[in-house]
Amino acid sequence: LYARATGDSRSAAEFYSRAISDDPSNIELKRNAYRLTLAAGRVDEAVALAREIGSGGPNDGLAPLSVAISAIRSGKFEEAEEWLDQVPLSGMNILLQPVAMAWVRVGQGQGDRAIEELETLRRSEQSKTFRLFHQALIQGLTEKPAEAEAAYRELIEDRATRSLSAVQAFANFLLRSGRRDEAVALLDEYLPPESGSALVEDARSVLEQDPPRPLVSSAAQGVGEALNGAARFMAQNGDRETATIYAQLALYISPGLDSVRVLVGNLEESAQQWEAAIETYRTVPPGTPFGWNARLRIAATLSRLEQTSEARSLLRAMADEQPQRTDALIQLGDLLRGEKQWRESADAYTRAIDRAGEPTEANWGYYYSRGIAFERAKRWPEAERDFLQALELQPEQPQVLNYLGY
């Protein structure tokens, strides 16, 4: 219970596993264990427990859902349908159950019935994004391009339903339809390349695929996308354990979701499970947008563990590896500033500023940070020049005004 309270799902799952070994007939113990076993990523073990628990008792929605997901992963769609029928329509299952059932129909070769399963989501305006997104994915996969495009357009033209995932999926659809110019225009409008976000970089990476691969090419991957959405929703609402469970189920059924690996690492960081977070981040392939982001998080987490020498080495290697990027250098500058290595910190910021080129409103913070390093190094004229440059880019910025006044 202490391990669970501190967010250490891995240790909690291990302790419960030992307890079940000592008392294998204790169903109540198994009910408590399977949720934590899911959060720890031991999904096969959790599914075995869920089969024993069935759909009765507390948390009964998650047990049949996890067994259904295991069946979908194995291509056993009839079995999955039976377990999904036992999932109560409450909480996130109001969305997940019909979407998972729709993808089961896809697996059974019943595209029209798949769309019918999504009709229950019309009852709520809040479920519109989920419904349209999966409708578009399913119709794109079942060779109904006109219907898929209509769903995509309805998604992205409404600010309330537009999402990064929807824009990425529509761009992928356009590319596979031979409409590259439209795909580029779409991404440029909604996902500008200069954002610096790993999610945006990954979305734009569809332009580099030749030939472009479908974002979702199977029922299992479709369910993985649904679980990905559920995990992010729960994370945004502060339910770390449930978010981790959905994320682990998403990775179980669709292992290629690197963004979900990063999400799990973020959730482990929020629980101050630093070593576990580093282990998770290291599972993200390094040559991908999310791999880069994961390595930045590894460096930050190493710093929290006071392994600053290793963090510095990693950031320096990353800065040399990608000479057009500034993020590793800025993080290195922040780390060195935290260690009161003012001169070295200023040097890292200077390299980042040189790479950034012409000063812009977006990088005012580079000058502000370097100004602090210069001031602490007693290089006041250079510090003042940087603070004034930051103010020119961001007039009346309170942090800069405060430091400059000081």
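Overview of values
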| read-out | value |
| --- | --- |
| Which numbered condition Ala219 fails, given (1) in contact with a Gly (Cβ under 8 Å, 6 or more places away or on another chain); (2) of a type outside the set (Val, Ile, Thr); (3) open to solvent by 40 Å² or more (accessible area, probe 1.4 Å) | (3) |
| First in region 336-361 and part of a helix (DSSP H, G or I), second anywhere and β-branched (Val, Ile, Thr), Cβ under 6 Å, 6 or more apart | Ala352/Thr326; Ala352/Ile330; Arg355/Thr326; Ala356/Thr326 |
| Considering residues of region 87-100 that are open to solvent by 10 Å² or more (accessible area, probe 1.4 Å) and not in a loop (DSSP other than H, G, I, E, B) only, the residue farthest from Ser74 (Cα to Cα) | Ile94 |
| Condition check for Ala328: open to solvent by less than 80 Å² (accessible area, probe 1.4 Å), modelled with pLDDT of 95 or more and within 29 Å of the chain's Cα centre (by Cα) | yes |
| Residue among Leu401, Leu388 that is over 32 Å from the mean Cα position of the chain (by Cα), open to solvent by 50 Å² or more (accessible area, probe 1.4 Å) and in contact (Cβ under 8 Å) with a residue 12 or more places away in the chain | Leu388 |
| Only one of Ser66, Ser17, Ser11 that is within 29 Å of the chain's Cα centre (by Cα), within 25 Å of Gly265 (Cα to Cα), modelled with pLDDT of 90 or more and of a type in the set (Ser, Thr, Tyr) | Ser66 |
| Contacts under 8 angstrom Cβ, first residue in region 229-244 being within 15 Å of Asn93 (Cα to Cα), partner open to solvent by 40 Å² or more (accessible area, probe 1.4 Å) and among the small types (Gly, Ala, Ser), 6 or more apart | Gly229/Ser165 |
| Among (1) open to solvent by 20 Å² or more (accessible area, probe 1.4 Å); (2) under 22 Å from Gly265 (Cα atoms); (3) small (Gly, Ala, Ser) - the single one Gly338 does not satisfy | (2) |
| Qualifying positions in region 130-163 - surrounded by fewer than 18 Cβ atoms within 10 Å (Cβ to Cβ), assigned to a helix (DSSP H, G or I) and within 25 Å of the chain's Cα centre (by Cα) | Arg153, Glu154, Glu157 |
| When residues of region 284-321 are limited to those that are in a loop (DSSP other than H, G, I, E, B) and open to solvent by 50 Å² or more (accessible area, probe 1.4 Å), the one modelled with the lowest pLDDT | Gly287 |
| Among (1) part of a helix (DSSP H, G or I); (2) acidic (Asp, Glu); (3) without any contact (Cβ under 8 Å) to a residue 12 or more places away in the chain - the single one Glu275 does not satisfy | (3) |
| Which listed residue, of Val167, Val260, Val184, Val200, is open to solvent by 30 Å² or more (accessible area, probe 1.4 Å) and without any contact (Cβ under 8 Å) to a residue 40 or more places away in the chain | Val184 |
| Flag for Glu116 being in contact with a helix residue (DSSP H, G or I) (Cβ under 9 Å, 6 or more places away or on another chain), in contact (Cβ under 8 Å) with a residue 24 or more places away in the chain and among the acidic types (Asp, Glu) | no |
| Index of the failed condition, Arg213 passing every other in (1) under 30 Å from Ala80 (Cα atoms); (2) at pLDDT below 95; (3) surrounded by 15 or more Cβ atoms within 10 Å (Cβ to Cβ) | (3) |
| Residue that is nearest to Ala198 (Cα to Cα), among those in region 263-272 that are open to solvent by less than 30 Å² (accessible area, probe 1.4 Å) and in a helix (DSSP H, G or I) | Leu263 |
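The values are calculated or read from the model by the stated rules, or taken from the named source; none is laboratory data. Treat the numbers as computed from the prediction; the structure is a model and nothing was measured. With ideal geometry, Cβ positions are generated from the backbone for all residues, glycine too; neighbour counts draw on all protein chains shown. Note: accessible area is taken over every heavy atom of the protein model, side chains too, but ligands, DNA and RNA are not part of it. Shrake-Rupley method; radii C 1.70, N 1.55, O 1.52, S 1.80 Å.
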